[in-house]
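These notes concern the structure reproduced below.
Only the coordinates and a few stated rules stand behind these numbers; no lab work does. Just so it is clear, the model here is predicted, and its values are computed rather than measured. As a convention, Cβ positions derive from the backbone with ideal geometry for all residues, glycine included, and neighbour counts pool all protein chains shown.
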Amino acid sequence: MSLTTPKLEKLHEGAKDFMPINGTDYIELYVSNSKQAAHYYKSAFGFKSLAYAGLETGNKEYESYVVVQDKIRLVLTSPLRSGTEVGKHIDKHGDGVKVTALWVDDATYAYNEAMKRGATSFMEPVVEKDDQGQVVRSGIYSYGEVVHIFVERKDYNGVFLPGFKAWNTSYNPEPIGLKFVDHMVGNVELGRMNYWVDFYEKVMGFTQIMSFDDKDISTEYTALMSKVMSNGNGRIKFPINEPAPGLKKSQVDEYLDFYEGEGVQHIAVATDNIIQTVTELQNRGVEFLKVPTTYYDVLEERVGKIDEDIDSLRELGILVDRDDEGYLLQIFTKTVQARPTMFFEIIQRKGATSFGKGNFKALFEAIEREQELRGTL
Ligand code: FE2
């Protein structure tokens, strides 16, 4: 692994960050049943009802439910009839992430900067208004059919976006401590990782902060390569994976097969107390990848002293890794929809800024055991 310090001068010919981003605004998933998906994210992951758009707001094509937990907003969208763009997306990919929306101060400026650097337009800047003010949104394509929408909401006081109304319901399970999106990983086709690394560098002003090759990320059977791109202030981190040749089919190949193309592999969400969060998730039926308990026999030897009780970590299956700056705790759910495609990571950082390289081998072997059961290894 090579760890490099982001160099600001690389971002804009020695000038400032040309694409300032405040954070993730929302993540929109196209799903086959948004109403039931919303219930799942509320019941299992501790999200609350926030907003709704659909027939009751005059939208005759789509129904969207927005759920929220701290800084994380998920939009779950389904078509109301056949032959829609959303429907075609779901037919091809199954449920998955369509939009990663980025919160910016000026969505027109962000769009123009990206376009002038070679982005492909998804949506020209549009001003959307209601009695709560106005939002400006614009959008560009990323890998596969994923898009980034720039959201400028400084003149808006409404619950989510114009076109949505508050979704009031008495059923809102307790939150489980999910705070914000830590990073979001994309799987791209063999030979395309560097293309997308260049895209994030040139078009979005991101910097590569880490890279892993197949020597870092390989098991007896499968391998992958990954580069991590970060925006100027570090609030947006996009690792990009591509498969590497291995003896059997890698998890990235399996994803690309079942998603029928490139897309978001996992969304990592941060917590301040992973033991509490994961206990609650498991109580609510969320399933996680498990590593052999022998992982914990040598844990302290590998990562040194940590604050958490190792027995609790073993019981829950939480993984630990250390870098120069501290340590992190992480765990990965099994895939969360019918197709073996997207999953979630729960992560707690205690100083560490890396991504758990020390866990890759144990983790990928756990994934391979799942693939074996599916007959897709
Ligand atoms: Fe991750």
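Points worth noting:
- The lysine pair tally for segment 178-374, using Cα distances under 20 Å and a gap of 8 or more places or different chains, is 24.
- Annotation for segment 34-71 versus segment 327-363: alpha-carbon center distance of 25 Å.
- Separation of segment 150-172 and segment 184-245, taken as the distance between their Cα centroids, equals 33 angstrom.
- Loop sites in segment 180-217: chymotrypsin sites (Phe, Trp or Tyr not before Pro), DSSP, at most 10 other Cβ within 10 Å: none
- For segment 301-377, trypsin sites (Lys or Arg not before Pro) are listed when DSSP marks them as loop and at most 11 other Cβ atoms sit within 10 Å of their Cβ; the list is 305.
- Shape call, segment 252-291: gyration tensor on alpha carbons, a/c limit 1.5: prolate
- In a DSSP loop and with at most 14 other Cβ atoms within 10 Å, the GluC sites (Glu not before Pro) in segment 276-318 are 287.
- If you run the Gaussian network model on the chain, springs between alpha carbon atoms under 10 Å, then out of 176, 310, 236 the most flexible one is 310.
- Close Lys pairs in segment 23-166 (alpha-carbon distance under 17 Å; sequence gap of 8 or more, or different chains): 12.
- GNM result for the chain, Cα springs below 10 Å: residue of 51, 114, 366 fluctuating most strongly: 366
- Among 324, 213, 155: highest mean-square fluctuation, GNM of the chain, C-alpha pairs under 10 Å: 324
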